[in-house]
């Protein structure tokens, strides 16, 4: 026992998209690729792509687009709500820093238009907003 070495490493356990991940401290200089919620990011990107197609006139209506793509109209409408998602929340998702338990499906069902309400509803607090901005500047 006299030769035992104890190493303490500050880690955080987080559930993302149904997976349990062990995360390093935020000040550790390492890639965060494993923390990305790829499903959420893909779903958001698709919504912006669809909106661009609508804006360009490629499709006359959302219904026409849904029929052309073979997608349920209501599901498409829910996903298109994501174009109103707070850019700060999108940035946090891109940084792999979404709150534990974050669900893009919950966002699509209950998306408030007010960005501050979105941050509160989905666990992106104002204090974490300022901390992240300080770190990025």
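The values are calculated or read from the model by the stated rules, or taken from the named source; none is laboratory data. Owing to the predicted nature of the structure, the values given are computational and were not obtained by experimental measurement. A quick note on method: Cβ atoms are made from the backbone with ideal geometry, for glycine too, and the neighbour counts reach across all protein chains shown.
Against the numbered list (1) in a helix (DSSP H, G or I); (2) within 21 Å of residue 15 (Cβ to Cβ); (3) at pLDDT below 95, residue 127 comes up short only at (2). Residue-level analysis places residue 135 among those that are more than 18 Å from the chain's Cα centre (by Cα), in a helix (DSSP H, G or I), modelled with pLDDT under 95 and surrounded by fewer than 12 Cβ atoms within 10 Å (Cβ to Cβ).
Quick one: in segment 45-60, which of the residues that are surrounded by fewer than 12 Cβ atoms within 10 Å (Cβ to Cβ) and under 12 Å from residue 80 (Cβ atoms) is nearest to the chain's Cα centre (by Cα)?
49
Looking at segment 42-50, can you tell me whether even one residue there is more than 23 Å from residue 116 (Cβ to Cβ) and touching a helix residue (DSSP H, G or I) at 6+ places or on another chain (Cβ under 7 Å)? Scanning segment 42-50, I find at least one residue that is more than 23 Å from residue 116 (Cβ to Cβ) and touching a helix residue (DSSP H, G or I) at 6+ places or on another chain (Cβ under 7 Å), so the answer is yes.
Applying the selection to segment 104-127, what residues are closer than 18 Å to residue 36 by Cα and without any contact (Cβ under 8 Å) to a residue 24 or more places away in the chain?
So the first thing to find is which residues in segment 104-127 are closer than 18 Å to residue 36 by Cα, and the list is 104-107, 122-124.
Correct list: 105, 106.
Of the residues making up segment 64-104, just one is loosely packed, with under 12 Cβ neighbours inside 10 Å and closer than 16 Å to residue 41 by Cβ, namely 87.
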